[in-house]
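J.: Following this message is one structure expressed as structure tokens.
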Amino acid sequence: MSRRLDDLLCEARDHYGTRQAVRLDWDAVGRTLAERVERESRAAASRSRPVRRFEWEVFASTIAFALVVIVLLGKAVPRTTGDRAVAAMPTAPVGAVTDVEGEVLVGGLPASPGTPVRVGDVIDAQAGALIVARPGKVAFVTERGSRVRLVRAGETTVLALEYGAVEASVEPVAAGEAFAIDVGTSRVAAHGTHLRVARSGDNVVVDLNDGVVTVGQAPRSGAVAGVLVNAPAHAEFVVAAAPDTVLVTHVRAAVRSPVSVIPGTFGRSLPVPATSALLEPGVIDAPPASPAPARPGPTRAPARAVVVASSTPTSEAPSTPASLAMAIRNCLKEEPHADNVTVAFESTLYLQIGEDGRVRSARFDPPVAPDVNTCAAPLIYAARFDGGGALTVPIDFKN
């Protein structure tokens, strides 16, 4: 009887004996229960044989009572700060904050240089920005107004971007993926690169300054399968529809200039070719699809005539919305279609123009066909306007 009770108590301790009941005198509980069971057993033995069923019921009820006592006493013991720390069971740090600008929370606590970062930590950069480093792996900037979570930190460092933007410098790996950013059900995986991923609602923008990334659906395990993008590149896609909606341009002027991930260098751009231009933060820029060599044909000449292609000011007249719309309509004319079919299309081109008059970002709404993007992207980014600001260009086409 005592042996069975001891086994039951051991099992109960394993299941319920957390630090919540650390002050409980288990030996005293065991002695008290053993004495009670022995008394009940002797009383049952003195009765006639027909009441042996009662003896078992007494034993079972005693054991049940013992378990209830253990649970209630365990819950009654006050939790201490040390108990809470043990219950949280924090994982080992996988990186650390190297620089902070403003106020940023890591794991719910204010961050400062040296703050450890663990898997599961949420980085809330509503009122600031910070740099996190995994030595030999990756260093990334969580930009102001962003919120990310560190999902995994094995061979592949995986972040989940809820909103805002993350820019990262990733150490190249011989095989596999070194770094990935999940945006909803989609993933941008890097094989060693410098990239920036920004999310605004359901739209995602990727600016790739160096290396290669893959854009596709986030897999349960293994590498992501999707669209392979080589630098320099500007890409965009819809959160729930990668890789089907990925649109890419390799026009250097469309790619956002990289920033340093070295502590104390917030906002400092890295050197890039002279033709590169900064994009306004948060703008969903656009001209999709990689530009291909100009296709021969008589309809291309007027487009070249109305779009200024020089990267420096010239004596030519600045571009106008009408001239740019005409150039894009020429691209639409080259889209193949049956002779007995009339094609009608309307879209709006939204532009952000820099102070130098050059296009910093562009977006078609609704989107145009990939081949049209291929044709239109170099024309848009070669245009030069008089002054900066936002510009809307209506595109209507019928053929």
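The values are calculated or read from the model by the stated rules, or taken from the named source; none is laboratory data. Because the structure is a prediction, the values reported are computed rather than measured. Note that each Cβ is placed from the backbone with ideal geometry, even for glycine, and that neighbours are counted across all protein chains shown.
J.: For residues in the range 356-399 being assigned to a strand (DSSP E or B) and of a type in the set (Asp, Glu), which is farthest from Glu236 (Cα to Cα)?
T.: Asp396
J.: Looking only at the range 235-274, which residues are under 18 Å from Gly201 (Cα atoms) and touching a helix residue (DSSP H, G or I) at 6+ places or on another chain (Cβ under 8 Å)?
T.: Selection gives Leu247 alone.
J.: On to the next question. Among the residues of the range 227-249, are any of a type in the set (A, V, I, L, M, F, W, C), more than 28 Å from Gly154 (Cα to Cα) and surrounded by 24 or more Cβ atoms within 10 Å (Cβ to Cβ)?
T.: Yes, that holds for at least one residue.
J.: Given the conditions (1) surrounded by 13 or more Cβ atoms within 10 Å (Cβ to Cβ); (2) modelled with pLDDT under 65; (3) not aliphatic (A, V, I, L, M), and given that Glu57 satisfies all but one, which numbered condition is not satisfied?
T.: All conditions are met except number (1).
J.: Okay, next question. With Ser186, Ser200 as the choices, which residue is farther than 14 Å from Ala165 by Cβ and of a type in the set (S, T, N, Q)?
T.: Residue meeting the stated conditions: Ser186.
J.: Can you find a residue in the range 379-391 that is on the phi > 0 side of the Ramachandran plot and modelled with pLDDT of 75 or more?
T.: The answer is yes; a qualifying residue exists.
J.: Here are the criteria: (1) at pLDDT below 90; (2) surrounded by fewer than 16 Cβ atoms within 10 Å (Cβ to Cβ). Tell me which single one Gly114 does not satisfy.
T.: The one condition Gly114 does not meet is (1).
J.: Yes or no: Arg152 surrounded by fewer than 18 Cβ atoms within 10 Å (Cβ to Cβ), in contact with a helix residue (DSSP H, G or I) (Cβ under 8 Å, 6 or more places away or on another chain) and at pLDDT below 95?
T.: Taking the combined requirement at face value, the residue does not satisfy it.
J.: Moving to a separate point now. Of the residues Val104, Val119, which single one is buried (at least 18 other Cβ atoms within 10 Å of the Cβ), β-branched (Val, Ile, Thr) and part of a strand (DSSP E or B)?
T.: Val104
J.: From the residues in the range 250-261 that are in a loop (DSSP other than H, G, I, E, B) and touching a Lys or Arg at 6+ places or on another chain (Cβ under 8 Å), which one is surrounded by the most Cβ atoms within 10 Å (Cβ to Cβ)?
T.: The qualifying residue surrounded by the most Cβ atoms within 10 Å (Cβ to Cβ) is Arg256.
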